Structures are given as C-alpha cells and as structure tokens.
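S.K.: One structure, as structure tokens, below. Some questions next.
The values are calculated or read from the model by the stated rules, or taken from the named source; none is laboratory data. Remember, predicted model here, so these are calculated numbers, not experimental data. Glycine also receives a Cβ, built like all others from the backbone with ideal geometry; neighbour counts cover every protein chain displayed.
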Ligand SMILES: CC(C)(COP(=O)(O)OP(=O)(O)OC[C@H]1O[C@@H](n2cnc3c(N)ncnc32)[C@H](O)[C@@H]1OP(=O)(O)O)[C@@H](O)C(=O)NCCC(=O)NCCS
C-alpha cells in the first residue's frame, strides 16, 4: 500500500468539486436544505485559495483524494459565541475507513492550528466523542443543533 500524504487543498484545487459532493451528501441534512451544493463548493474553493485559517487539508493516496478536514472560524452560527476556531467537516471515504486516516487528519489539523498560534480549537460531534477523546480532545458540554444532541469539545493546540 502506498503512503498517504496530507496536503493543503491549495495544492490540489481540482479536488474541490469531489470534496463538495462528499460533504454535501454527508451533512446537508443537518442544515435542513439551507446549505446548497454550490455554497459548499464555493466555501471549499475559498479554502483552496490559502493555507491558513479558514482552510482545508486533503488526504491523498497515489494522487487520489481519500478524505479531508477543515479549519474554520465558524462551523454553526448557533455556536458562534463559543469560539472562533473550529475543526469541521472531517470526512474519510467509506472504503478507506478504519486505516487511521481520520486520526491523521485530526492530528495534522491540530498541528496546523498550533503553527497558526491558535490558543483553543473547538468542534461539535453528534456521535464521535470517543474518537476525538482518544486524540486528546476534552468534552466541554452538550447542546442541541437542529434537533440533534451534539457534544462540544475543545483542545489547546499548543499544549
Ligand atoms: C469518523 C471518520 C472520519 C473516522 O475515519 P477513519 O479513517 O475510519 O478513522 P480511523 O481509521 O482513524 O479510526 C479511528 C478509530 O475508529 C475506528 N473506526 C472508525 N470507523 C471505522 C470503520 N468504518 N471501520 C473500522 N474501524 C473504524 C478505528 O478502528 C479506530 O479505532 P482504534 O484506534 O481503536 O482502532 C469516518 O468514519 C467518517 O468520515 N465518517 C463520516 C463523517 C463523520 O461522521 N465525520 C465526523 C464528524 S464529527
């Protein structure tokens, strides 16, 4: 098996339409139709224009995208007042899951946040609290988002 590289989306802007389709298929339901594929693609195109917040990392094997993760100022307007740096849109293709890619993407994103000098990074997750806890994230509390219970978590990237 060849090595997986994790690179800024800025290195592979051609991946934007594919990532947008993954993300939209996975999460559009959460926004109850208020987040179109075009909006999703335009956010990622913006991310591909820089290598710092807000931005996206993509995992590649033999040049083929297998997953991605984003660093954003805001992931849900409901949590805007909580923090201004969020890990968002962690996604690994179903066929590539269980190989450690999700963990690598999270670690690389936290390392990027540390290089950016961000003191605190946030995320919310409906069902993967244990996964993030295993990577050093702390549970901060629970909240309701569009009728779903989500766990709020944080990490100090430079600690
Ligand atoms: C959550 C997600 C990113 C995990 O990606 P992944 O590449 O499978 O994660 P890893 O391989 O690093 O696995 C992490 C742990 O979860 C387990 N795991 C998660 N999904 C698995 C799968 N489909 N098959 C086997 N193991 C899996 C791994 O065994 C590992 O546990 P371990 O360290 O105790 O062995 C992926 O399932 C996904 O994209 N899900 C849909 C989108 C999503 O829910 N994103 C998170 C939003 S908060």
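S.K.: Where residues in the range 59-73 are over 28 Å from residue 149 (Cα atoms) and away from the ligand (no atom under 13 Å from the Cβ), which of them is surrounded by the most Cβ atoms within 10 Å (Cβ to Cβ)?
M.R.: 60
S.K.: Right, another one. Mind listing whichever residues of the range 117-141 are closer than 21 Å to residue 81 by Cβ and more than 14 Å from the ligand (Cβ to nearest atom)? Before you say what the answer is, go through the steps one by one.
M.R.: Residues of the range 117-141 closer than 21 Å to residue 81 by Cβ: 118-126, 137-141.
Across the range 117-141, the qualifying residues are 118, 119, 120, 138, 140, 141.
S.K.: One residue is enough: does the range 128-142 have a residue meeting the conditions crowded, with 20+ Cβ neighbours inside 10 Å and either in a helix (DSSP H, G or I) or over 13 Å from the mean Cα position of the chain (by Cα) (or both)?
M.R.: Going through the range 128-142, the residues crowded, with 20+ Cβ neighbours inside 10 Å turn out to be 132, 137.
Pick out the ones that are also either in a helix (DSSP H, G or I) or over 13 Å from the mean Cα position of the chain (by Cα) (or both) and you get 132, 137.
There is at least one residue in the range 128-142 that is crowded, with 20+ Cβ neighbours inside 10 Å and either in a helix (DSSP H, G or I) or over 13 Å from the mean Cα position of the chain (by Cα) (or both).
S.K.: Please go through the range 109-127 and give me each residue that is surrounded by 15 or more Cβ atoms within 10 Å (Cβ to Cβ) and part of a helix (DSSP H, G or I), ordered by number.
M.R.: 109, 110, 112, 113, 114
S.K.: Hey, could you check the range 37-62 for residues that are free of Cβ contacts under 8 Å to residues at least 12 places away in the same chain and over 21 Å from residue 118 (Cβ atoms) and say which is farthest from the chain's Cα centre (by Cα)?
M.R.: So, considering only residues that are free of Cβ contacts under 8 Å to residues at least 12 places away in the same chain and over 21 Å from residue 118 (Cβ atoms), the one farthest from the chain's Cα centre (by Cα) is 38.
S.K.: So which pairs qualify, if the first residue must be in the range 69-85 and without any contact (Cβ under 8 Å) to a residue 12 or more places away in the chain, the second must be not in a helix (DSSP H, G or I), the Cβ gap must be under 6 Å, and the two must be at least 6 apart or on different chains?
M.R.: Pairs that qualify, where the first residue is without any contact (Cβ under 8 Å) to a residue 12 or more places away in the chain and the partner is not in a helix (DSSP H, G or I), are 80/74; 84/73.
S.K.: In the list 76, 88, 96, 113, which residue meets the criterion of being out of contact with any helix residue (DSSP H, G or I) (no Cβ under 7 Å at 6 or more places or on another chain), closer than 27 Å to residue 39 by Cβ and away from the ligand (no atom under 13 Å from the Cβ)? Lay out the reasoning, then the answer.
M.R.: Working: 76 fails: away from the ligand (no atom under 13 Å from the Cβ); 88 fails: away from the ligand (no atom under 13 Å from the Cβ); 96 fails: away from the ligand (no atom under 13 Å from the Cβ).
After ruling out the rest, the residue left standing is 113.
S.K.: For a quick check of your reading of the model, give me the residue pairs whose first member lies in the range 87-98 and is farther than 21 Å from residue 44 by Cα, whose second is at pLDDT 95 or above and surrounded by 15 or more Cβ atoms within 10 Å (Cβ to Cβ), with beta-carbon atoms closer than 9 Å and at least 6 apart or on different chains.
M.R.: Hits for this filter: 95/66; 96/4; 96/59; 96/61; 96/66; 96/67; 97/67; 98/92.
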